[in-house]
Structure formats: C-alpha cells, structure tokens
Amino acid sequence: MEIKFKKVHTVKDLVISAAIVLAGAGLFFVNAGLGIIVAACGIISLLIFKTGYKREGEDLLLEYKAMDVDHSCRQSLKDFLDGKDVTPEIKAQENGGIVRLEVYFNRTSGVAYAQLFDFSSYTYEKATEIVELRSPRAEKLINKL
C-alpha cells in the first residue's frame, strides 16, 4: 500500500492569516484601499499557506524536513530504514555525492515516515520506499534532524 501525504493548515498558519486579515480590517479605518488590500492578502494566505502534512486516512499532524546528506551516511541510513539495529548517521554534504533524506514526523507522538533518495543524472531516484517508524526508532531519527 502506497503512503501518501496531503498538505494541511496548522494552528500557526491560521493565526498568521487571521492576524493579516485583522490588520487589514483595522487599517481599513485609516486608509480604506490599503486595508482592503491587506485583508485580501490575509484571505489569500489562508487559502494557500499550508505548512502541515497529514497521512491520508489519519488525523496526526506531521512536520516535513528534507535534507541533503553526505554519501558516506547512505549505508547507515539505508540499514536503519531496512530495520537493522543501527544508529543513523546524518552529516551535511561535504564533498562528492549526496543522498536526500525526506522525513515526515511528529515529535510528540513518536511517529516518522522516512524515504531515502540517491542523486544521479541530475535527478533524485528512490533508494527506499517510504518507511513508517514508531517509537523508539522514530525518536532516534527525529533527534538527529
């Protein structure tokens, strides 16, 4: 079964959009045209500004982090995602090839979904499928991010 994620609003997104709309409403009494423009920007940001993710069919709010790590870390990450009892290494790219690690996670629930990509021919190619991790394995990876 393929794991899919959809973008959703977080509380922070809603607060920022509401603050912009309220600033526009307050500004309307000072300068009507500018107030309408600022309020419209708040409404538009409410429609398109989504920073959270949810797995389809679940209600758990996830954060997303993608990072390019040094190729020397590839084997430890692959072994970790394959279920072996190793500590994943995550180092910033220094020289040579890179590997991309994409992680959707929720720190409080101890849940993470991770996928590893190899960079080849100017594109990222899947090295692993999306792997679901639960505590304590998920916490090992989340703490390294």
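Mind listing the phi-derived Karplus ³J(HN,Hα) values for region 5-10, rounded to whole Hz, using 6.51, -1.76 and 1.60 with θ = phi - 60°, and x for any glycine or proline?
10, 10, 7, 9, 6, 9
Mind listing which GluC sites (Glu not before Pro) in region 50-84 are in a DSSP loop and have 13 or fewer other Cβ atoms within 10 Å?
Hits after loop and neighbour filter: E56, E58.
Please turn the phi angles of region 132-143 into ³J(HN,Hα) values with the Karplus equation 6.51 cos²θ - 1.76 cosθ + 1.60 (θ = phi - 60°), one per residue in order, whole Hz, x for glycine and proline.
8, 10, 10, 4, x, 5, 5, 5, 4, 6, 4, 5
Please determine, in degrees from 0 to 90 and to the nearest 10, the orientation of helix 32-48 with respect to the longest principal axis defined by the Cα atoms of the chain, where the helix direction is its Cα long axis.
Value to nearest ten degrees: 30.
List the chymotrypsin sites (Phe, Trp or Tyr not before Pro) in region 27-72 that DSSP assigns to loop (not H, G, I, E or B) and whose Cβ has at most 14 other Cβ atoms within 10 Å. Which are they?
F29
When the helix-only estimate is applied to the chain (DSSP H runs of n ≥ 4, each -39,500 (n - 2.57), divided by the residue count), what is the mean residue ellipticity at 222 nm, nearest 500 deg cm²/dmol?
-11000 deg cm²/dmol
What number in nm² do you get for the chain if you take the convex hull of its Cα atoms and divide its surface by four?
11.5
Probe radius 1.4 Å, ligands and nucleic acids left out: which of K126, K91 has the largest accessible area, and how do the rest follow?
Descending accessible area places them as K126, K91.
Work out the charge dipole of the chain with +1 on the Cβ of Lys and Arg and -1 on the Cβ of Asp and Glu about the Cα centre, then indicate which of G42, L27, A127 is farthest towards its positive end.
My answer, from the dipole projection, is L27.
The values are calculated or read from the model by the stated rules, or taken from the named source; none is laboratory data. For clarity, every value in this text was computed on a predicted model and none was experimentally measured. We place every Cβ from the backbone using ideal geometry, glycine too, and count neighbours over all the protein chains shown. In case anyone asks, the SASA skips ligands and DNA or RNA and just uses the protein heavy atoms, side chains included. Shrake-Rupley method; radii C 1.70, N 1.55, O 1.52, S 1.80 Å.
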